[in-house]
Structures are given as structure tokens and as C-alpha cells.
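A.B. asks: Before we start, here is the structure in question, set down as C-alpha cells.
The values are calculated or read from the model by the stated rules, or taken from the named source; none is laboratory data. Quick caveat, the model's predicted, so the values are computed rather than measured. For neighbour counting, all protein chains shown are included, and Cβ atoms are generated from backbone atoms with ideal geometry for every residue, glycine included.
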Amino acid sequence: MAVNAHEKFKEDILNKNRDLRSTIENLQMELKEARDSLAKATVPAMDDSELEMIIDSLTTDKSILEEKNEDLIREVEHLQLKITELETDLELAKAAESDELKDEFDEVNSSAQAKILHAQNGRLNAALLQMRDLVARADAERAEAFQELEDIKKHNDALHEIYAQQEEQLQEAKTLVAEYQEQIDASLGSAKLIEELTEKNFELEEKVRANEEAGDDFDNLSRMFDEVSTTYKQSEKEHREEIERLDFTIEQLKAEAENTDDLLRAAESTIIKFRRQHLELKEEIQERDDQILRLQEELVKVANGDGNSSGLMVLNQNRTFADTVRNELTQLELEYSLEHVKYLEAFLPENFSKAGGDNDLLLTHLAFPRIAAKAKLLMNLLVQKYPDVPGGMRRDHVTQSHRAEQWAHVDRFAYSLQALYTIVRKLHSISQISTVERLSKLAVQQIEIAQHEKLLDQYFELLRMNRMDENTSVENIDRATLYFQKVCAIHLSADEFNTNEFVSNTIAEFQAGFRWLLKNTHRLELAADEAETRDESNAWCDILSQVSTIIKETDVLAIRANNAVPKDKDVILTTELSDMLLSVISDTDKLTKTFHFACANVASQLSVLTDATGLPTHQMFEILHNAVEKVFGSIQASESSGPLLSCAKNIHHFFKEFSLKLDKGELERPKTEKKVFPPVITRAQVRKEDAAEAENLRWQIQKKDTEVLELNKMLKSRGNELGAMRVRLDISEKKLSESFGEPSNDKLENKYRELQQDYEKMKEEYEEMLRSRNDTITDLENKAETFKNEGKNMSMQRIMDFVSPSYNQAKHDGPEASEKVNQVNKRMAALLLQYNKLKVKQDEEDILGLPELKVPEVVAGPYGAFAKMHKHEDDISPLQREARKLQKQFGRMLIEPLNPNQKSAYDASLMAYQDKVERLHCQVQTAYARAMVK
């Protein structure tokens, strides 16, 4: 068959070779015609238009020949490739035939067949040689054709050059013809010229006809081109319409696809809705079943009792009503207690509410037991919201609803809340025994403690709105626990605390973790395929049973250890025991987290498979392996249960040793009998002592103020008495002067000088007394400033409310100082009266020495009446204005500045105010004496 194929291919090649030869001959004929036309174009008499047409036709022929040449080259290359492929096929066929011949020769061992095959092989070789010769001949002819084409190209280029030369010669010939025409016109006659013109006209007409024929050809070609372009445009238009129609169809299909997708999504949402409703109905059915079981259990209890269910209902109703009454009364008392606290804060000093003060200390002290109580209350409320079912957890609770997940979540909350309860109760125990200075470090962090308490309050709000379910996070509780552990480790790590309570709370924390762990292992056991779990040799059930058995035994040991905690002695928490506790707590966290992650993955898998009754064992092993890797790190799948059993055994070993030590009393010590008051009570006692001291100081200030007021009253009364005595003295002296004559001026001047000397002496004594009093006042002010800086609970504004206006004039003096002041004031008043008397007399003598004024006694107009009415008010009205001004300034003098930098300015203004008061007092006494004299 290969030989037949080669012969057929050989015939095809020969046919194509003949076609190529005919094509080359046609090209040669066209080339010859082009040469002839070029030879004709070399005629000088040819017109320019003809030359252009010839050149255009030659150019067109050239391009056509080039295209044909390129097509021939491509065909030749294609044929060469086919020849190469056929040669390879021939070689392969030869090899195959030789192998077949060899096999047949081996089988038949016939020499005749070998000769026939050798003859066929020779014929094939001869045919192949002939075919190679033909191909070589075709290649040679193709090379000759290429060479001729190159010659044609060169000749075409030469023709272009000749055309350019002929065009130049034509221009020159035209110019010559024009010159010759002029000469001919001038030389020849008109007849000969007409003949020549006629001949040229005929020639031109022939050219015109030739041009018209060429134009017709071009018109035909143009029409053909127009028809082709019209056909192309029509086909393009049809294709565009087809494309638009297909685009419209595609858009319709897309719209249908979108509608279908919408329908699918709606159907999926409907299916999901029905599935959710189906699950909700299943959960409701389970809730009703669980409620029936609980009611049956209550009926059994009632039947075992007195059998009176109505009495139990009445008792529950009465209890509910009693709880309602108690809650309402408690709410009312709470409201008014808050009002009481607000009013108490108004009575307390300003430094009580500052940051880090007594208020923060008290809030921090109360926050620890309150947070612990809230944690315990939240645990109880969660148990009441999701109560256990009599008979325990069933398979449908795991596979068909979220009840098992809710119960496990309650245990998870209990574990986290018990950890928070343990650390907060430890802090409360420390706050009961520690010192005020240690507890003051926590008072600075009162805001952060309150923030964590608010996060805990959010869970109560979720419970109130019935929005707390298995998806509620416990991160806020864990974050609060970690925060309080850091606070205890940083600030209060060396303080004493109630170790018995701490050990009991820690054991309760472990027991909460054990309950959560056992519930999760039971969930994993029920989540497995029921048919596989019936097999006693099931590895999955073996692992879960091993972990459950160890945890149950550990729970028994924990109960035993809790019962062994002494009541009348203290438990010793050594460093080794504390480290072991931390290690065991870490192992418990790892165990609980691993089983929690596994149960979460199982629940998500079961939620996808709505009708599944369980997962296969191999899938459960994969889920457990992923959970173990998430907690313990990378581990082989076959060793997934190893870390879990190791942690469980470590916990069991610790509780075994711990319970034995507690039973033997190795961790006990006698209680130290020391009566320690809580730091809050100590701080309150200090504040009470400060308040009593401040009250004593205020009483002393009030006493001194009363004494100063009495002294001022006495001075005022003595001044009045001196005024009256002065009046009497003046009257008596007037009578004496009238009876015995006026005393000499020298005697009065001597007496005046003596009185003035006595006055200066008494003034110096009085100033010395004032300096001593000011020193005493300064000492008392320093004591008051020190008292205020030490944190006394009465501000300066409240103390000044009880201080009299004369507080700054006289301070705490003894009885002797008061007596001296009285004597000095008496002598000062006497000297002042004597001095004023002498001055008045001197003024009267001067006035009497003046000439008399003629003042009418009768009132003649309003000015006279006003002058008579206000005759003695000229001296009084300025004093009244000054007194009002000083009275207005008195309120400002009571306000002592808090800034120490303003103290000096305040003291200076206070001394100036005192000087003004004394000056006004002297002026009033003088005016009064003058009025009495007149």
C-alpha cells in the first residue's frame, strides 16, 4: 500500500510539474508581450497617455506575476514538505516491510519470496530515484522561473528609467515641435500644413478611439468593482443583522438565565426557610417532650408525697406572689437608698470624690464581692433557662436540634464564670486583710474594673431580652478573668488571702470544667453513626469512654478533696503546689477547648445534613484530629488521642496526690488569731478622727470669734462712755472758766504735750501688742493650712461660713492678752478723747477769733431750709458712704484664695481693710463727740 501511495503521489507531482511548466510558459508569453509593448513604447511618435497606460499595465502585470510567483513558491515549499514526509513514511514502510519480510522469511524460509522482495525493493529504489530527479528538475525549473522573474523585475526597472528618459525627451521634443511649428508655419505653405494636420488629426482620432475603448474597459472594471463592493456591503449588512439578531437572542437567553437564577435563589431561600421551620418545629417538639418528662417527674414526686398537686400549685403561686412583693419592696428601697447615697455625697468633702480617692477605694472594695455575686447569679439563671431533661441527653438532641449545644454552652459559661468567681473572691479576700496603701493601688484602676463589670451586666441584659443562646460569646468573661489575674499578679501577689476559700473555689472551677467535658464527650458519642457505635470494638467509642472514665474518677477525687478542706485550719499553698495548679488548669483548658472545637465542627456538619442520624466514624476521627491540631499543634492522625489521654491522666494524678495530702493533713497549718480590720474601715476611722479634729478647730475658732465680738462691743461701749465723760468734762470746764476765768494757753499746751507723749507711748505699746497678735494669727493660719493639706474634710469655704467679720482682726489670745487689750483700748480711748477735746477747743478759739457773719435766722427760701435741715449731716454722710463701702468689701475679704501665689496679695489687702475700719471707727467717734459738744 505504501508503494501505491508513492506512485499516486508521484503522478500528482508530475501533474503539478506540468501545471507549473504551463504557468511558466504563460508567464514567458506575457513577458514577451510586455517586451513587445515596451518596444512599441520606445517609438518616438507614441503619445504620453499611451505610455502611461502601458506602464500601468506593466506594473499590474508585474504585481500579478509577483503574486503568482509567491503562490508558486508556497506550493513548492508545501510540496517539498510533503516529499520529506513521504520519504520518511517510505523509510518507515521499508523498515516495516523488511521486518515483516524478515519474520516471514524466518517462518517460511523461502528463498523465492526473498528474491521477489529484493526485486520490489529495487523497483521502489528506482522509482524513488526518478521521483528525486523529477523533484530536482522541478527545483531547477523553479529556480529558472525565479531567475526569469528577477530578470523581468530588472527589465521593468529599466523600462521605468527609459520611461523617465522618454518623458524628458518628449518634453524636449514638444519644445522642439513648437519651435519647428513656428518655423514650418513661416516656411511651408498652408496646404502642406493642412495635410500634416489632417494626418495628425487622424492619428489623434485613432488614439481617442483607443482611449475610449480603454475607458470602456475601465468603466466595465469600475462597474464590476461597484457590483463587488455593493455585494460586499449587502453581505456585510446581512451579517450585521445576523449578529444583531444573535446578540438579541443572547440577551434573551441571559435574561432567561437571570430569571432562572432568581427562581433558583427564591426556591433555595424557600427550602432554607422550610428547613429552618422544620428544625424549629423539631426543637419545639423536643421542648414539649422534655417538658412532659419534667412534668411527669414532678407528678411522680407529688405521688410519692401527699398526692395533692393543687396544693403544690397554690404553694408555687403564693411563692411567686411573695417573690413579686419582695422584689417590688426591694426596688423601692433601692431607689431611696440611691437617693440617700446622693445626699450623703453632698455632705462629704470635695476630696472624697477625686480620682483615686476614698470614693474609688470604697467602690473597688465593693466591686469584688458584687462581681462574684453576679457571676454566681448568672450561672444559676442560665441553669434555670436551659434546665436538664430527666433521662439525660438523647441522640435527637444532638442530630436534630440545638438542645445539646445549648446545654453544653451553659456548662461552658459555668466554667468561665467559675474562673472569674475564683479570682474575684481571692481579690476580695486580699482586700479584707491588706493595708490601705496596697488597696489604694487598686483604687486608681476603679474605672477599668467598672468597665469589666458593665461587660458582665450585658449578659443579664441578653437574658432579659431572651437573646442569649448557644452563639453568645464568652470572650468578655475570659477577658475580665485575665485582667483580674494580671491585677492580682502585679499589685497583690505578696498579700495574704483566705486559702481555704481559694482552694474550694478552684476545685469548683475544675468540677465545672469536668461537667462541660463530660457533656461534650457524650455529644460526640451520640453524634457518631448509631450502627457503628453498636460495635463493641469501635475505636471511637473506646477513646471517648477512656476519657470519660478518667474524668469521672477525677471528679470523684475533686469532691473528696473539697470535703477534705479543713474548716478550723488554713491550707498551705506552696510555690510548687501553685505551679502544679496552673499546669493542671492549662491541661483542663486544652481538653475542654479541643472537645469544644470538635463538637462545633460536628454541629456544623450535622446542620448541613438535615436528614442524617449521625456521622461516620472516620469523619469523626478527622474532626477530632483537626481539633487536636488546632490546640496542641501538628500531630499525626493516628496519634490524635494521645495528648487528650495524657492531659486527662495528668489531671487525675494531680487530684489523687492532692486529696491524699489533704487527708493526711500535710497542707494544713493552725489559723493565726489576729484581729485585722478591713482597710476601708481603717480609712473611715482615720477620716472620722480628721473630722473630729476639724470640728474641734472650728469650735475653737468660733470661741475666739465670740471673744473678739465681745471685745469690740466693750470697746464701743467704753467709747460711748468716754464721749459722755468728755461732754461732762467740757461742761464742767466751761463752768469753771465762767467762774474763775479762762486758763492760760501755756498750761493747756503743756497738758496737751503731756497727753500727746502719753498717747505716743500707749500707741507704741498698742502696736507691739498688735504685732504679737499678728504673729499668733500667722501661726494659727499656718496650722490651718497644714491641717487643710493633710486632707481635712472641711473646705476653707465652709470654715469661713462660721467665722465672724472680726476674724482677721483678733485671733486666739489668752485671758491675759484680752485684759491687756482692754486696758490699752481704754487708755487709747481716753487719750483720743483728750486729744479731740483740745483740738476742738483750739478750733473753737480760732473760730471765735474770726469776725461775725451776718446769717439770717429766718428761712427765706428752699436752700436755706435745706441747709437748716441738713445742718449736722455734712460730717455724717461721708462716713456712711465709707461704712457702706467697707461693708460691701467685707464679703470679698472672707474668701481666701486657694492659690498659694495669691496669699501675699490677700494678706496685704486684708491689712489695708483693717486700717480703713480703724480709721473709720476713729472718725465716727470724733464726729459723735463733736455732735455732743455742739
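A.B. asks: Tell me the residue from Ser440, Ser431 that is touching a Gly at 6+ places or on another chain (Cβ under 8 Å), closer than 16 Å to Asp360 by Cα and either in a loop (DSSP other than H, G, I, E, B) or not charged (D, E, K, R) (or both), please. Steps first, please.
C.D. replies: Details: Ser431 fails: touching a Gly at 6+ places or on another chain (Cβ under 8 Å).
Of the residues listed, the single one that is touching a Gly at 6+ places or on another chain (Cβ under 8 Å), closer than 16 Å to Asp360 by Cα and either in a loop (DSSP other than H, G, I, E, B) or not charged (D, E, K, R) (or both) is Ser440.
A.B. asks: Thr472 versus (1) more than 19 Å from Ile433 (Cα to Cα); (2) outside the structural domain of Asp589 (by TED's automatic domain parsing); (3) in a helix (DSSP H, G or I): which is the lone unmet condition?
C.D. replies: (3)
A.B. asks: Looking at segment 629-661 only, could you name the residues that are in a helix (DSSP H, G or I) and at pLDDT below 85?
C.D. replies: Ala637, Ser638, Glu639, Ser641
A.B. asks: Here's something else I'd like to know. Which members of segment 867-891 meet the condition of being modelled with pLDDT under 70 and part of a helix (DSSP H, G or I)?
C.D. replies: Matches in segment 867-891: Ala867, Lys868, Met869, Ser877, Gly891.
A.B. asks: Has segment 360-376 got any residue that is among the aromatic types (Phe, Trp, Tyr) and surrounded by fewer than 22 Cβ atoms within 10 Å (Cβ to Cβ)?
C.D. replies: no
A.B. asks: If Ala373 satisfies every condition in (1) within 15 Å of Asn471 (Cα to Cα); (2) outside any loop (DSSP other than H, G, I, E, B) but one, which is the exception?
C.D. replies: With (1) within 15 Å of Asn471 (Cα to Cα); (2) outside any loop (DSSP other than H, G, I, E, B) applied to Ala373, the lone miss is (1).
A.B. asks: Right, Asn520: in a helix (DSSP H, G or I), within 30 Å of Asp568 (Cβ to Cβ) and touching a residue at least 60 places away in the same chain (Cβ under 8 Å) or not?
C.D. replies: For Asn520, the condition - in a helix (DSSP H, G or I), within 30 Å of Asp568 (Cβ to Cβ) and touching a residue at least 60 places away in the same chain (Cβ under 8 Å) - is not met.
A.B. asks: Here's something else I'd like to know. Filter segment 383-417 down to residues that are assigned to a helix (DSSP H, G or I) and without any contact (Cβ under 8 Å) to a residue 40 or more places away in the chain and give me whichever is nearest to the chain's Cα centre (by Cα).
C.D. replies: Val410
A.B. asks: Does at least one position in segment 565-572 carry a residue that is buried (at least 19 other Cβ atoms within 10 Å of the Cβ) and either under 22 Å from Phe413 (Cα atoms) or over 43 Å from the mean Cα position of the chain (by Cα) (or both)? Break it down into steps so the answer makes sense when it comes.
C.D. replies: Of segment 565-572, the ones buried (at least 19 other Cβ atoms within 10 Å of the Cβ) are 571.
Among the residues that remain, those that are also either under 22 Å from Phe413 (Cα atoms) or over 43 Å from the mean Cα position of the chain (by Cα) (or both) are: 571.
Yes, segment 565-572 contains a residue that is buried (at least 19 other Cβ atoms within 10 Å of the Cβ) and either under 22 Å from Phe413 (Cα atoms) or over 43 Å from the mean Cα position of the chain (by Cα) (or both).
A.B. asks: Inspect segment 529-544 for any residue being of a type in the set (Ser, Thr, Tyr), at pLDDT 85 or above and out of contact with any Cys (no Cβ under 6 Å at 6 or more places or on another chain) and give the result as yes or no.
C.D. replies: Filtering segment 529-544 for residues of a type in the set (Ser, Thr, Tyr) gives 533, 537.
From what's left, at pLDDT 85 or above: none.
Scanning segment 529-544 turns up no residue that is of a type in the set (Ser, Thr, Tyr), at pLDDT 85 or above and out of contact with any Cys (no Cβ under 6 Å at 6 or more places or on another chain).
A.B. asks: Have a look at Leu526, Leu591 and point out the one that is touching a residue at least 24 places away in the same chain (Cβ under 8 Å) and crowded, with 22+ Cβ neighbours inside 10 Å. Don't jump to the end; show me each part of the working.
C.D. replies: On the way: Leu526 fails: crowded, with 22+ Cβ neighbours inside 10 Å.
Leu591 is the lone residue from the list that is touching a residue at least 24 places away in the same chain (Cβ under 8 Å) and crowded, with 22+ Cβ neighbours inside 10 Å.
A.B. asks: Only one residue in Ser717, Ser737 is at pLDDT 75 or above, small (Gly, Ala, Ser) and under 28 Å from Gln925 (Cβ atoms), so which one is that?
C.D. replies: Among Ser717, Ser737, only Ser717 is at pLDDT 75 or above, small (Gly, Ala, Ser) and under 28 Å from Gln925 (Cβ atoms).
A.B. asks: Take Asp555 and decide whether it is in a helix (DSSP H, G or I), within 33 Å of the chain's Cα centre (by Cα) and either at pLDDT 85 or above or acidic (Asp, Glu) (or both).
C.D. replies: Values: in a helix (DSSP H, G or I): yes; within 33 Å of the chain's Cα centre (by Cα): no; either at pLDDT 85 or above or acidic (Asp, Glu) (or both): yes.
It is false that Asp555 is in a helix (DSSP H, G or I), within 33 Å of the chain's Cα centre (by Cα) and either at pLDDT 85 or above or acidic (Asp, Glu) (or both).
A.B. asks: Which condition breaks for Ser744 when tested against (1) at pLDDT 70 or above; (2) loosely packed, with under 14 Cβ neighbours inside 10 Å; (3) farther than 30 Å from Gln432 by Cβ?
C.D. replies: (1)
A.B. asks: Take the conditions at pLDDT 75 or above and surrounded by fewer than 11 Cβ atoms within 10 Å (Cβ to Cβ) and apply them to Ala164. Does it pass?
C.D. replies: Values: at pLDDT 75 or above: yes; surrounded by fewer than 11 Cβ atoms within 10 Å (Cβ to Cβ): yes.
Spelling it out, Ala164 is indeed at pLDDT 75 or above and surrounded by fewer than 11 Cβ atoms within 10 Å (Cβ to Cβ).
A.B. asks: Still on this structure, I have one more. Kindly provide the set of residues from segment 632-671 that are of a type in the set (A, V, I, L, M) and crowded, with 19+ Cβ neighbours inside 10 Å, ordered by number.
C.D. replies: Leu644, Ala648, Ile651, Leu662, Leu667 - these are the residues of segment 632-671 that are of a type in the set (A, V, I, L, M) and crowded, with 19+ Cβ neighbours inside 10 Å.
A.B. asks: It is to be established whether one or more residues within segment 367-388 are in contact with a helix residue (DSSP H, G or I) (Cβ under 8 Å, 6 or more places away or on another chain) and either among the acidic types (Asp, Glu) or modelled with pLDDT under 70 (or both).
C.D. replies: Yes, segment 367-388 contains a residue that is in contact with a helix residue (DSSP H, G or I) (Cβ under 8 Å, 6 or more places away or on another chain) and either among the acidic types (Asp, Glu) or modelled with pLDDT under 70 (or both).
A.B. asks: Okay, next question. What single numbered condition from (1) in contact with an Asp or Glu (Cβ under 9 Å, 6 or more places away or on another chain); (2) at pLDDT below 80 fails to hold for Ala210?
C.D. replies: (2)
A.B. asks: Would you mind finding the one in Arg276, Arg245 that is closer than 30 Å to Leu606 by Cα and not assigned by TED's automatic domain parsing to the domain that holds Lys385?
C.D. replies: None of the other options fit; the residue is Arg276.
A.B. asks: Follow-up question, since we're still on this one. Cβ-Cβ under 9 Å, sequence separation 6+ or interchain: first residue in segment 549-572 and in the same structural domain as Lys671 (by TED's automatic domain parsing) and without any contact (Cβ under 8 Å) to a residue 60 or more places away in the chain, partner of a type in the set (D, E, K, R) and surrounded by 13 or more Cβ atoms within 10 Å (Cβ to Cβ). Which pairs?
C.D. replies: From segment 549-572, the pairs are Asp555/Arg515.
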